[in-house]
Each structure stands twice: as structure tokens, then as C-alpha cells.
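The values are calculated or read from the model by the stated rules, or taken from the named source; none is laboratory data. Nothing here was measured: the structure is a model prediction, and the numbers come from that model. Note that we place each Cβ from the backbone using ideal geometry, even for glycine, and neighbour counts take in every protein chain shown. Quick note on the areas: whole protein, heavy atoms, side chains included, nothing else; ligands and nucleic acids left out. Shrake-Rupley method; radii C 1.70, N 1.55, O 1.52, S 1.80 Å.
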Amino acid sequence: MGLSEKIKEIEEEMARTQKNKATEYHLGLLKAKLAKYRSMIIEGEKKAGAGGKGEGFDVEKHGDARIAMIGFPSVGKSSILSHLTETESLAANYEFTTLTCIPGVLRINEAKMQLLDLPGIIEGAASGKGRGRQVIAVGKSSDLILMVLDAQKGEEQKEKITRELESVGIRLNQEKPQIHIKVMKTGGIIFNASVKLTKIDEKMVKSIMAEYKMHNAHVSFRGDHDVDELIDVIEANRKYVKCIYVYNKIDQVSIEDVDYLMKEKYNAAISVHMNLGCDILLEKIWDTLGLVRVYTRKKGQAPDFGDPLILTQGRDGITVKSAIMQIHKGLLKDLNYAYIWGKSVKHSPQKCGLKHELCDEDVLQIIKKTKDAK
Ligand SMILES: Nc1nc2c(ncn2[C@@H]2O[C@H](COP(=O)(O)OP(=O)(O)O)[C@@H](O)[C@H]2O)c(=O)[nH]1
Ligand SMILES: [Mg+2]
């Protein structure tokens, strides 16, 4: 039996099995088996070179962020691309353009972002059919996913695409689970939790670990996580991506429906045809990416407001150090301190060190170790 058949069999068994106390552990194990087989498929395709190293479409990453549009055919992805970016419209030829991935340059504030129009995601993409695999690879390499939905069929489409993405390890708008696993040589499974667990217990944790043939390990839960999240941590190849659900064609639904759609934090409701909601969408993109503009200023001159540094969230946040690294790594050793004006400081200017965290639209002046003064 091939992997796809095995996956299908488990999915069917899960669908057949009633969820209750008695079947809980069995279902947990089925989930782990399913995750293992899915990983094997992805690994296998990487090795086989399907879709070229699993990178997909050979579109080089450009600009300050990469944003991928994913959605069913005809929801308006090409229209959005031509409306928002500097790429020529290809919406008319959509039957042909859905076969390739088309990049456009999206400018928000002074940042330049790469907006990708991906071919229509098809049902079954996760199991490797059609171009699904490449769509997924691009999705994984993106800083933000715009899930484009038809306002009239939004919920159904959203559910299907979310399921597809989940099955290939993409988690939308979720935080990485606070579960730590340290593999040991002996000692069995040592389990502890610093919070009360309501969705999983020690027995379940142990049986999932056994399914993965991990017999000696420290497993600690720092959040009230469930079986799926434990499996995600064991599989270790999950990608946590921010997503905005873009409901297009609101010109075809009622005002009440639009109001309802706009209630959710991660939703945007637009009509490309009537140019409705696009500005709000751009604002949401900016806020969700969490980019920070930092204007640099030279001694005795006005700040350069035309050409800011655009900084992205790193592991330590966005600091004076990340700003200087972006100007030139070599400057780090010459830095005495930085003068900062803006929202990140109590009084402007303020002397700051490398670890100081910057806010959007701060102004920065570098003071070098030599006799450089303000
Ligand atoms: N009513 C309406 N139709 C739209 C809107 N945006 C796009 N369309 C139409 O929907 C169809 C599919 O659009 P297209 O951009 O090719 O979708 P794609 O397949 O997702 O790239 C085209 O006929 C568009 O003119 C909109 O805001 N309102
Ligand atoms: Mg298209």
C-alpha cells in the first residue's frame, strides 16, 4: 500500500470514530500516524526533486517582505495584483496565468514588498496533485499569506484552504506551542507541566511519544496544549505564518454581511472592482508584518525621510543593533551610542545602546567612538 492510500485509510478511520473518552487515545495515535505519513510524503517529494528542490516557481525573494496570495480560482487574485501593484494586469487571461506564479511590487509607506499571485490552489493540493506542492513551498517562504476568498462563499473556501495548509504543516495565526522536548539516553519519559492541562494527559503524551519511538525524553508543557500541538512540536517542521483573510467582491453581498466580515481582527473585506476597503487592507498588511521604518540622520542635517531603513522582526525584536546591521555591519564596532528621536524614547533625542528597541518612524543618528559629537 502506498503512502497516499495509508493516509486515506487513516482519515477514513478517524471520520468513522466517535469522539469520546474511550476513543480519545486511539484517535490521538491515529493523528500521530497521519502526521508521520504526511511528513514522509513531503520528504519523499523533496528527495525526488518534485517542483525543483521543493522551492516552487523559481521566483526570487525580493524587497522587505514576501506576501503570498492563496485562493481558489476566480476569487480575484490577479485583479488584486494588478490593482495594488506595479505589475501589468493579467486578469483577462486568467486561465493561462493561473499556471505560473506572478510577482508584483507592493509599496506600503516606504517599504517595497513582493506580492505573489499563486496559481489557484486546488483541492487535494496537499497530497501532491497539480501545482499544489509549489504553492505550498511559496506559502512557507512567505512572511504573510493573504487568503483570498469570494465574499459569497468565503467560509467554505476558508475551511478547505486552511485544511490543505494544515496538512502540509502551515499554521495560520498561531503561536508556536510552549512544549519542550529534550531527548535523553535513558530514564523513560519524564513529564511535567507548569500549567493545568485540560486537553491532554500524561498517558496520552506517553503513547504519542511511543508512537514516534521516543522512549527517553523530558517533556515539559508550559501551555495548555493539545495532541495536535504536541505532534507539531515532535514533527518540528511546522511553519507558523501570519494570515489575513481577504474577502473580495463585497459589491456582491449585503452591508450586514460586510459588517460581519470586518469584525474579525484578521479579516479584510474589499471590492477590487469598486475600490472598496483596499486602504484598510494595506494598513492591515503593514500592521500584521510589524515592519518598522527608521529614518537616519547625519550630524547637523535633517533626517532623510525619503529613504528609511525598513526593519523586520528578528529574534531579539527590532533594535538599534538591527538598524546598524542593515546600514553596514562594520559600523557596529565603531559605535559609541545612538541618538534616537521618536516613540521609542521618553525624551528626544535620547542616548541609546545597541539593545534599545525601536518603534516605527524613529529617527536614528550614529555617534562613533571617535570625537564625533552631535
Ligand atoms: N464583482 C466583482 N468581480 C470581481 C472583483 N474582483 C475581481 N472580479 C472578477 O472576478 C473574475 C476573476 O478574477 P481574477 O482576478 O482573474 O481571479 P483569480 O482567478 O483569483 O486570479 C474576473 O472576471 C474579475 O473581473 C470584485 O471586486 N467584484
Ligand atoms: Mg489569476
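Things worth noting here:
- Whenever a residue of segment 21-40 is without any contact (Cβ under 8 Å) to a residue 40 or more places away in the chain, its partners that are assigned to a helix (DSSP H, G or I) and open to solvent by 60 Å² or more (accessible area, probe 1.4 Å), lying with C-beta atoms within less than 6 angstrom and at least six residues away or across chains, give the pairs Tyr37/Lys6.
Conditions tested, residue by residue: (1) touching a Phe, Trp or Tyr at 6+ places or on another chain (Cβ under 9 Å); (2) open to solvent by less than 30 Å² (accessible area, probe 1.4 Å); (3) of a type in the set (Ser, Thr, Tyr); (4) not assigned by TED's automatic domain parsing to the domain that holds Gln301.
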{"residue": "Ile324", "(1), (2), (3), (4)": "no, yes, no, no"}
{"residue": "Ile327", "(1), (2), (3), (4)": "no, no, no, no"}
{"residue": "Lys333", "(1), (2), (3), (4)": "no, no, no, no"}
{"residue": "Tyr337", "(1), (2), (3), (4)": "no, no, yes, no"}
{"residue": "His347", "(1), (2), (3), (4)": "no, no, no, no"}
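- In segment 158-208, the qualifying residues are those that are part of a strand (DSSP E or B) and touching a residue at least 60 places away in the same chain (Cβ under 8 Å), and the one that is least open to solvent (accessible area, probe 1.4 Å) is Ile170.
- Residues that are of a type in the set (Gly, Ala, Ser) and within 31 Å of the chain's Cα centre (by Cα), drawn from segment 336-346: Gly342, Ser344
Listed here are the residues, each with its yes/no results for (1) modelled with pLDDT of 95 or more; (2) under 26 Å from the mean Cα position of the chain (by Cα); (3) under 30 Å from Leu261 (Cα atoms).
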{"position": "Ile285", "(1), (2), (3)": "yes, yes, yes"}
{"position": "Leu291", "(1), (2), (3)": "no, yes, yes"}
{"position": "Gly300", "(1), (2), (3)": "no, no, no"}
{"position": "Asp307", "(1), (2), (3)": "no, no, no"}
{"position": "Thr312", "(1), (2), (3)": "no, yes, yes"}
{"position": "Ala323", "(1), (2), (3)": "no, yes, no"}
{"position": "His328", "(1), (2), (3)": "no, no, no"}
{"position": "Asp334", "(1), (2), (3)": "no, no, no"}
{"position": "Ser348", "(1), (2), (3)": "no, no, no"}
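- From the list Lys355, Lys351, Lys369, Lys343, the lone residue that is closer than 13 Å to Tyr295 by Cβ and surrounded by fewer than 16 Cβ atoms within 10 Å (Cβ to Cβ) is Lys343.
- Among the residues of segment 280-306, those that are of a type in the set (Lys, Arg) and over 19 Å from Tyr245 (Cα atoms) comprise Arg293, Arg297, Lys298, Lys299.
- Taking the numbered list (1) of a type outside the set (Phe, Trp, Tyr); (2) over 27 Å from Ile136 (Cα atoms); (3) touching a Pro at 6+ places or on another chain (Cβ under 9 Å) in turn, Lys299 passes all entries but (3).
- Qualifying residues in segment 117-149 (those that are open to solvent by less than 10 Å² (accessible area, probe 1.4 Å) and at pLDDT 90 or above) - the one nearest to ligand 1 (Cβ to nearest atom): Val148
- Of the residues Val219, Val258, the single one that is under 30 Å from Asp150 (Cβ atoms) and of a type in the set (A, V, I, L, M) is Val258.
- Qualifying positions in segment 239-285 - buried (at least 21 other Cβ atoms within 10 Å of the Cβ) and not hydrophobic (A, V, I, L, M, F, W, C): Tyr245, Tyr247, Asn248, Lys249, Gly277
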